[in-house]
Amino acid sequence: MKDVCLKCGNKLDSDRVCTNCGLKIDIYEKIQNASKLLYNQGLQKAKLRDLSGAIDILKRSLKLDKNNIDARNLLGLIYFELGEVVSALQQWVISKHMKETDNIAVGYIERIHHNQHKLDTLNTAVKKYNQAILYIQQQSEDLAIIQLKKVISLNPNFVKAYCLLALCYIHQNSHSKAKRYLLKVLSIDKNNYVALKYYESITIDEEDADEALHHRPDKKKQEVAYSRPTAKKENRMSTSIMQIAYVIFGVVIGLAVAIFLINPGQVKGKTKEIDDLKKLIASSETEYEEQVGTLTNENGQLKKDVDEKTALIASLQEKDVFYDAVDYLQKATAYYLGNDLLASANELIQINTNDLTSTATKELYQKLVSETYPKVAVKGYNEGYKLYSTGKRTRNNSYFEEALVQLQAAHRFGSHSDIDDKVMYFIARSYGYLGENQQAIDYYNKMLTNYPDSKYKKDAQFFLNQLQSN
């Protein structure tokens, strides 16, 4: 049994009470054990993908013992799995502050900080998520949906973004799309409260609709009738009036002819009634034409509003694509100035030149490509060839795997350069040594097709025949 205080490190008296802070060590140990028990429960829930439940339990564990490093590190991992990187880092930084040695949280933090590109991507996802919230507050759901789709492409496990996207689709009555994103959330966190509530609300609405359709058809028809626009009702009503008026007119004419034949003296007395009916029909026709004209004008204005909205969305999408391209270009420039040519090339290769609409950005892009791509390709080939040669000499497959990383980079940034044929040749050779024959065959064929005059042609054809004959 320990004879020092777990809180302040001073000695305990005979009753196991700290002589400095007065802590009763037995009670403190019980609290620690309860915290550890909750940690184990949280761990079991995390293994079962009940991440929301695990978070609740781990928070209770930390309330009992804030120094429970295992609980804090696991809480950070769960936040990271849910795409909430900031919350994850917060837990790991606190954990590192409490224990700087033999703490797995230190490795988590370093792994994120050393992958600057990944960190920038996650940061961009958070910014776009916040922008989507702003669009929703401005009642621009279409723009919010565009932003949220980009968020989940940058951070595929960002649960809050999936839920918000599903909510937008629910508001637009696109329940099938909302369901797809809610099911994605539940595959990450099977008991996510928000996703379950949204899914339940959609399911209840659909069940109510089905029940109304199959069991209460009269009521359904009545509801549908009430839901029609007022303008359409008036339109149909006017049409009915016209039809009735024409029928009456026909009947009246028929009667007039009969009266004329039977009793010509009565014709004059009926003439005024016929004139009155004609006036009534003419008035109904005028009212009908006025209503048609009003509806036509309203429809034209509505179409104009839709076209303007569509044009605005397209314009904003173009701007957003341009800003993304400029963002990659700025990062590439920063890496280039820092003499990190590979990182600069990796940023440049993500840019679609059609997205760079200004002359200045296009010129900067072309300059950076010409300064980085050839150098990165040559460096990748030189380092890859050395690793390939070492692997061939030592028969150690790890060298071939490392060689492929460098050679693939050389091929990616040196496509159609004067070294591309030998780059593809040694990629194929490396795959061959690793036993990945189909990959090797593909690269041999690609090299022979693109560079039929290469000096490696005979060797490539020889090894290709060998692989195809096996």
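For the pair HIS117 and ARG395, what calculated FRET efficiency results from E = 1/(1 + (r/R0)^6), where r is the Cβ-Cβ distance and R0 = 45 Å, to the nearest 0.05? Using R0 = 45 Å, I get an efficiency of 0.85.
The order of the peptides 357-369, 178-190 by mean Cβ neighbours within 10 Å, most packed first, is 178-190, 357-369. Peptides 113-120, 340-347 ranked from most to least packed by the mean count of surrounding Cβ atoms within 10 Å: 340-347, 113-120.
Here, each number is a calculation from the coordinates, and none is a lab measurement. The structure displayed is predicted, hence computed values, not measured ones. When we count neighbours, we look across all protein chains shown, and the Cβ atoms used for this are built from the backbone with ideal geometry, even at glycine.
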